[in-house]
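Okay, structure first, notes after.
The values are calculated or read from the model by the stated rules, or taken from the named source; none is laboratory data. Being a predicted model, the structure only gives us computed values, none of them experimental. With ideal geometry, Cβ positions are generated from the backbone for all residues, glycine too; neighbour counts draw on all protein chains shown. Accessible surface areas use protein heavy atoms only, side chains included; no ligands, DNA or RNA. Shrake-Rupley method; radii C 1.70, N 1.55, O 1.52, S 1.80 Å.
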Amino acid sequence: VGNPSLRDALLRYPWKGEDHPQVSAWIDSHSAAIDELLAIGRMEQCRWPVQADIYDEDRVPYKKLHRSLLLLLAAGNRDLGEGRVAEALAKHFSALRMGVHLRQQPSTMGSFTGFGYEVRALRMIRHVLVQSNPSGEDIAQIAGHLPSVAGSWSQEWARLREHERLHYLNLLGRLYEENDGGKVRFAREIVIASEDGRRR
């Protein structure tokens, strides 16, 4: 959606398909992708492989994840605007789980991006609670999906710092090479592999 105000309305508030028929038709054309995202949203754990010579932005598909988040939010908001509370919650729960999955990655970027995803999903779940007259079952589901309030940030921060330290040491290690005689010198070429195998 090119119009910023329309995009904001679709992603932050409930809306009806009859008000935005082109967007609604586009969402319907991506129903298979939404079903796949809903299935992924039921997964408790999701970790991308850690590779020493690949940067986080190459390893984790942040752009694709962001587009997936926007699709879930827009589709869920349409469901909510049209009174399909259970369907809306399923999509918003999946968006919330995407944030949890990102926070399971051993990087600060994953954690901070995941927090952002959770905030956006929780904002829409709040709409359900305040404006949509949810059933007791809906409220119980929301309670079951809310993030824990336990203060685990100190342990998380220690884990993230250790990962970043090792990652940085690995990057520095590429500046040096050892010849056949065991002598260490500055590397003549620094090679960084990306996920698709390209050398940079």
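Ligands, DNA and RNA aside, HIS66 has an accessible area near 70 Å² when probed at 1.4 Å. Solvent-accessible surface (1.4 Å probe) assigned to GLU164 amounts to roughly 60 Å². Spin-label model, MET43/TRP26: points 7 Å from Cα along the beta carbon direction are separated by 2.7 nm. Restricting the trypsin sites (Lys or Arg not before Pro) of region 79-119 to loop positions (DSSP other than H, G, I, E, B) with no more than 15 neighbouring Cβ atoms within 10 Å leaves ARG84. Bridging of LYS91 to lysines at a Cα separation below 23 Å is possible for LYS16, LYS63, LYS64, once same-chain residues fewer than 8 apart are set aside. The residues ASP8, ASP138, sorted by heavy-atom accessible surface at 1.4 Å with ligands and nucleic acids left out, run ASP8, ASP138 from largest to smallest.
Modelled spin-label separation between ASP180 and SER135, with each label point placed 7 Å from Cα along the Cα-to-Cβ direction: 7.6 nm.
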